[in-house]
Amino acid sequence: MTSNFSEILVLMFLGFSTFFPIFFILIPRHKIDSGFYNFNLGLSGIVASFALMLLWIANIEMSVLIYVFGWLAVHLIITSIYWNSESISFIPLLVSSLLGLVVFWIIFIHFHPELASPRSGFITLIGNGILSGVFFAMILGHWYLNVIRLPIRLLRNVTIVLFILVGIRVGIDLYGLITQTVLTPIGTPIPLYIFVTTFGGFFISLALFFGLIVPVIVLAMVWKTIQIQSTQSATGLLYVSCVSVLFGDLFYRYCLMQYGLVL
């Protein structure tokens, strides 16, 4: 890659675009207008295109580039088929996302072959789910301003899934803080929970703050506003959560490259 930042963006864009359509399972087509599906399917394709362009600019191996191009072509074909359709089957969307996640894992291993394991795959998948889920929830919350009598349970269901994903990450990060170590510049291993309090662990602390602590607090506030059916307040809070999770994901992936930490 031309730079570490390019690698971070590729993983973010692919992780987002491949997991994002899975959340359509929570939003039945007959409960919302076609514009919601059109916008989100198009958004997923556009973000994936950014990842493809970065890989192309970086002159990555053509064999790897073909995987991304192939999945993007499948996604765009499905998007065109279901554009403005009144009847949408979730099976093609789900299959497309699963294929996309396989492509993401191929790219991930290409960048970090030393981290190829079921554990790192699961943790990375959770991170992708949180990133895509919080943006999906924010867009859905904004849709309540456009669609009259949109059931509040749709936003509630997405929020519950986000709580589950963030809760899993809380457990993963706490376990990682206790069990993982980081090598100091002189080659001495230091426990992660101590390293985060040092100057060298500053970015890990930022990842935990923006990617974990802030989302937990904001999601709790979102849940309270949903209970009183204040969708505008919930949407405003979700905007804050999107910014926080986005920064948190950047720092998480920086820690992945810098220290080999999968959190």
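The values are calculated or read from the model by the stated rules, or taken from the named source; none is laboratory data. Predicted model, so just to flag it, every value in this text is computed and none were measured. Reconstructed Cβ throughout: ideal geometry from the backbone, glycine too, with neighbour counts over all protein chains shown. All accessible areas refer to the heavy atoms of the entire protein, side chains included, with ligands and DNA or RNA removed. Shrake-Rupley method; radii C 1.70, N 1.55, O 1.52, S 1.80 Å.
Condition check ((1) closer than 27 Å to Cys255 by Cα; (2) modelled with pLDDT of 85 or more) across all residues:
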residue: Thr2; (1), (2): yes, no
residue: Phe5; (1), (2): yes, no
residue: Ile8; (1), (2): yes, yes
residue: Arg29; (1), (2): no, no
residue: Glu86; (1), (2): no, no
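Total residues in segment 24-43 satisfying the condition of being open to solvent by less than 10 Å² (accessible area, probe 1.4 Å) and either among the aromatic types (Phe, Trp, Tyr) or in contact with a Gly (Cβ under 9 Å, 6 or more places away or on another chain) (or both): the figure is 3. Summed over segment 231-263, residues that are closer than 23 Å to Ile190 by Cβ, assigned to a helix (DSSP H, G or I), open to solvent by 10 Å² or more (accessible area, probe 1.4 Å) and not aromatic (Phe, Trp, Tyr) total 4.
Scanning segment 52-74 for residues that are within 17 Å of Phe5 (Cβ to Cβ) and either surrounded by fewer than 17 Cβ atoms within 10 Å (Cβ to Cβ) or touching a strand residue (DSSP E or B) at 6+ places or on another chain (Cβ under 7 Å) (or both) yields Met53, Trp56, Ile57, Ala58, Asn59.
Pick from Glu114, Glu86: which is under 22 Å from Phe24 (Cα atoms) and charged (D, E, K, R)?
Just one listed residue meets the conditions, Glu86.
Failed condition for Gly211, given (1) open to solvent by less than 10 Å² (accessible area, probe 1.4 Å); (2) over 22 Å from Val47 (Cα atoms), with all others met? With (1) open to solvent by less than 10 Å² (accessible area, probe 1.4 Å); (2) over 22 Å from Val47 (Cα atoms) applied to Gly211, the lone miss is (2). Taken together, the residues in segment 114-129 that are touching an Asp or Glu at 6+ places or on another chain (Cβ under 8 Å) and exposed (fewer than 13 other Cβ atoms within 10 Å of the Cβ) amount to 0. Checking Leu98, Leu140, Leu72, Leu93 one by one, the residue that is in contact (Cβ under 8 Å) with a residue 24 or more places away in the chain and closer than 30 Å to Asp173 by Cα is Leu140 and no other.
Looking at segment 233-243, can you tell me whether even one residue there is of a type in the set (Ser, Thr, Tyr), in contact with a His (Cβ under 8 Å, 6 or more places away or on another chain) and farther than 22 Å from Leu11 by Cα? Yes, the conditions are met somewhere in segment 233-243. Whether a residue is of a type outside the set (A, V, I, L, M, F, W, C) and either in contact (Cβ under 8 Å) with a residue 60 or more places away in the chain or in contact with a strand residue (DSSP E or B) (Cβ under 9 Å, 6 or more places away or on another chain) (or both) was assessed, and Gly167 does not pass this test.
Filtered by the rule that a residue be within 30 Å of Glu61 (Cβ to Cβ) and of a type in the set (Val, Ile, Thr), segment 82-112 gives Val95, Val102, Val103, Ile106, Ile107, Ile109.
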